[in-house]
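Structure, as structure tokens:
The values are calculated or read from the model by the stated rules, or taken from the named source; none is laboratory data. As the structure is a prediction and not an experimental result, all values here were calculated from the model. In this analysis, Cβ positions are derived from the backbone assuming ideal geometry, glycine residues included, and neighbour counts consider all displayed protein chains. Note: areas computed on protein heavy atoms with side chains; ligands, DNA, RNA excluded. Shrake-Rupley method; radii C 1.70, N 1.55, O 1.52, S 1.80 Å.
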Amino acid sequence: MDIYLEFIGNNSLLFIALLVILLLLSQSIFSDLTRKHKLLSAPEAIDLINKQNAVIIDTRTKSEFDAGHIADAVLLPLPDIQSKPDTLNKYSDQPVLFYCKSGPRADDACKKLLKQGHGRVFALRGGLQAWQEANMPLIKK
């Protein structure tokens with residue numbers, strides 16, 4: 001046991017780095033376990049859109065949307081979803097697929113919709129960046 005304490009004492013920065021990495025890994029694993037909505041890859045999202053007529057909601061800003069978006073996507077920025085919760089009620093009978101640039105805004109939108117009782121809520125894993133990496137098309141204005 002003394003040898004471990006000596007190692008930690010001599011390599012304190014390395015040990016702190018190890019603790020930080022372990023903390024981040026456990027946080028990532030825990031967030032995946034507690035997530036109530038499903039993250040979909042680009043091919044899975046296309047399947048959901050084509051087979052279940054999912055509504056595609058872009059949670060980015062108007063300028064981001066105009067720069068390029070998924071075909072048939074509805075622009076509904078995250079602040080609007082939070083300030084006007086009833087705006088998504090018209091999609092209550094359809095699956096809803098949220099996306100943003102990389103994922104966090106879509107996750108927040110999913111959580112908001114789930115709190116309202118909507119059961120079929122999905123987010124595009126990796127956001128529009130992952131969509132583009134999968135060579136999927138974008139509509140540009």
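Mind checking whether some residue in region 114-125 is over 18 Å from His37 (Cα atoms) and either touching a Cys at 6+ places or on another chain (Cβ under 7 Å) or of a type in the set (Lys, Arg) (or both)?
no
A quick yes/no check of all residues on (1) at positive phi; (2) touching a helix residue (DSSP H, G or I) at 6+ places or on another chain (Cβ under 9 Å):
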residue: Glu44; (1), (2): no, no
residue: Asp47; (1), (2): no, no
residue: Phe65; (1), (2): no, no
residue: Lys115; (1), (2): no, yes
residue: Gly127; (1), (2): yes, yes
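Just to confirm my filter: which helices (runs of 4 or more DSSP H) fall fully inside region 1-97 and include at least 2 residues that are open to solvent by 40 Å² or more (accessible area, probe 1.4 Å) and at pLDDT below 90?
Here the list reads 2-10, 12-34, 78-83.
What do you reckon, is Asp107 touching a residue at least 40 places away in the same chain (Cβ under 8 Å) and under 16 Å from His37 (Cβ atoms)?
Yes: the conditions hold for Asp107.
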